[in-house]
Amino acid sequence: MWEQDWSLLGIAPTTELAAIKKAYALKLRVTRPDDDAEAYQALRGAYERAQQWLKWQQEAASEASEEPAAAPLLSEPPTEPAAAPVEASEPLTPPELVVQPQHLIDELSLRWRRSGESALLHEWSAVQRELDQQPLSRHVEFSAAFAQWVLGTPALPDDFLKALNNHFGWLDDFRTERQLGTPLAHALHEALDGRLRPMPVPEAVRELAAPLQAMAVLYQEGAGWWRQAWLFFLLQPLLVRHRAVLGGDWLRRLDLPDDWLVVGIKRGLWLRVALGSSLCWAAGLLIFNDAIIALGHTLLWLVGTGLFMVASLMAGTFIGVGPTLTTRDGRLTRPLEKWRRHSHQPLLGLVWLLFAAWLAYLDASHGNSPKGSVLSLLPREAYQYAGWGFAIAGLLVAWPLDVLRGCVVFGLMPLAGYFGMALVGAWLPLASGLMIGAAWLLAGAAVHEDRFGLPESTPVRWLVRPVLNSLVLADRWSFATALLPLAVAAAWAVLADRHAGPTRIFVVWVLSILATGWLQTRADALGLRQLRATAPD
């Protein structure tokens with residue numbers, strides 16, 4: 001009978017009361033008294049007899065400690081227990097030693113905020129041992145308290161939520177609704193079902209995750225460093241895009257090692273930077289025929305381009321989520337966000353930019369205005385302040401909706417302004433040319449986001465075709481890929497020195513956009529082909 005009792009509980013004979021209670025609680029989750037009353041009674045009887053057996057063992061151990069010559073511990077009681085099992089009472093805990101659920105929750109929350117997810121999981125092991133020592137009568141109290149914490153803290157890590165669910169059985173225990181109440185149980189199921197239960201993976205997600213999973217297999221099987229580096233070099237923009245589209249939730253659900261993936265992507269980026277620097281130095285060596293001068297020009301290009309890209313990424317992100325109010329939520333910002341997405345908004349921004357260019361022209365021609373005219377009545381500072389005010393307002397109003405595209409637009413802004421100044425510099429002041437170039441760039445971004453509703457065959461698209469192609473590079477791959485043609489144009493400007501005029505820089509930039517798209521497409525095809533050949537099925 002005793003072997004059968006331990007088998008019903010699903011554990012080996014033990015002298016730990018906490019282990020017996022935990023085994024009984026786990027079995028209760030799947031043993032319904034309404035469906036199988038006999039099984040429930042058998043489980044309850046086994047639990048009570050196991051506690052009685054533990055009590056006999058403790059008494060025998062106590063007698064053995066008082067009488068050295070006493071018999072060894074009893075493996076079985078001298079007689080069978082009575083047919084009606086005796087209700088085992090749980091040991092009383094002094095009031096000052098009673099563990100409060102909120103105290104345990106506060107300890108876990110503090111460790112999580114200070115040291116992160118790994119420290120939280122480590123602290124949970126100690127808290128779980130503490131919970132196992134509590135009487136079964138307090139299980140519902142602790143379960144409800146932790147359930148409220150989970151609902152109030154949606155940022156808790158998935159691994160920690162799995163550990164909580166395994167301990168309390170929220171999703172698997174049929175008694176959850178009766179113990180916690182219908183509202184709390186339903187809210188808990190809605191919060192945890194999507195994060196803990198296996199979900200069908202859409203075909204589009206499978207296609208995006210396939211290269212990442214193949215790279216993860218190579219990493220886990222210990223593929224050579226050079227093979228991994230070569231594949232990351234070829235596929236770096238593609239992996240960046242797929243990782244960004246999937247997001248953290250899908251990466252966790254697909255068990256993709258994101259930390260290693262980030263390291264590999266950075267490694268591929270640095271290999272690309274090393275190749276670009278080497279090509280720039282080699283070109284400088286051919287032009288200057290001096291390794292030191294070529295190295296100086298290469299370092300100037302490398303540092304300047306790198307700092308500018310970082311600044312563009314930070315400034316574009318700030319404009320996209322700051323003054324344009326895309327991430328806040330409230331009574332005031334909702335109508336502003338709705339207005340920001342209105343089709344007339346980019347047109348208004350472009351009008352303001354062109355009006356600012358006209359004010360800059362008036363400012364430059366202020367001294368030539370005839371006396372008594374309206375232009376001569378206003379001070380020159382009025383045109384300057386008004387012009388720059390309208391220019392900044394026009395930029396913010398016509399700024400792209402997508403944050404990544406906004407970063408690319410910010411990175412291309414100096415180049416567009418330079419082209420604008422070179423184009424109209426013979427007739428208009430430089431400030432007007434700068435604002436016209438910015439308007440051309442923002443018009444291309446608005447056309448790319450289809451905010452004007454223009455047909456595909458309209459000639460306007462050809463006027464802004466370089467901007468459209470740059471944004472396509474960003475959408476298909478990454479921010480760095482979209483600004484790579486700009487880096488090539490900057491290298492030409494640094495190496496060609498006095499021979500790098502606006503027209504030549506513009507031509508180099510346009511040709512580099514086409515070459516970048518063609519080369520990266522071929523690199524993707526080669527990398528995926530080699531990845532399929534080397535990664536196991």
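Being more than 26 Å from residue 255 (Cα to Cα) and buried (at least 18 other Cβ atoms within 10 Å of the Cβ): is that true of residue 142 here? Yes, satisfied.
Taking only segment 162-200 into account, find how many residues are among the β-branched types (Val, Ile, Thr) and under 29 Å from the mean Cα position of the chain (by Cα). Number satisfying all stated conditions: 0. Flag not set for residue 208, criterion: in a helix (DSSP H, G or I) and open to solvent by less than 30 Å² (accessible area, probe 1.4 Å). Residue pairs whose Cβ atoms lie under 8 Å apart, sitting 6 or more positions apart in sequence or on different chains, and linking a residue in segment 183-206 that is within 20 Å of residue 159 (Cβ to Cβ) and of a type in the set (Val, Ile, Thr) to a partner that is open to solvent by 40 Å² or more (accessible area, probe 1.4 Å) and modelled with pLDDT under 80, are 201/253. Within the set 347, 325, 332, the sole residue that is modelled with pLDDT under 90 and touching an Asp or Glu at 6+ places or on another chain (Cβ under 8 Å) turns out to be 325. The residues of segment 211-251 that are of a type in the set (D, E, K, R) and either surrounded by 15 or more Cβ atoms within 10 Å (Cβ to Cβ) or over 22 Å from the mean Cα position of the chain (by Cα) (or both), listed by number, are 221, 227, 241, 243.
Just so you know, in segment 478-490 the residues that are small (Gly, Ala, Ser) and touching a Gly at 6+ places or on another chain (Cβ under 8 Å) include one that is surrounded by the most Cβ atoms within 10 Å (Cβ to Cβ), and it is 482.
Of all residues in segment 279-313, those being over 16 Å from residue 489 (Cβ atoms), open to solvent by less than 70 Å² (accessible area, probe 1.4 Å) and either of a type in the set (A, V, I, L, M, F, W, C) or assigned to a helix (DSSP H, G or I) (or both) number 7.
If the condition is being in a helix (DSSP H, G or I), among the basic types (Lys, Arg) and open to solvent by less than 60 Å² (accessible area, probe 1.4 Å), then segment 433-477 contributes only 461.
The values are calculated or read from the model by the stated rules, or taken from the named source; none is laboratory data. Everything numeric in this text was worked out from a predicted model, so none of it was measured. Note that each Cβ is placed from the backbone with ideal geometry, even for glycine, and that neighbours are counted across all protein chains shown. These accessible areas exclude ligands, DNA and RNA; they are computed on the full protein's heavy atoms, side chains included. Shrake-Rupley method; radii C 1.70, N 1.55, O 1.52, S 1.80 Å.
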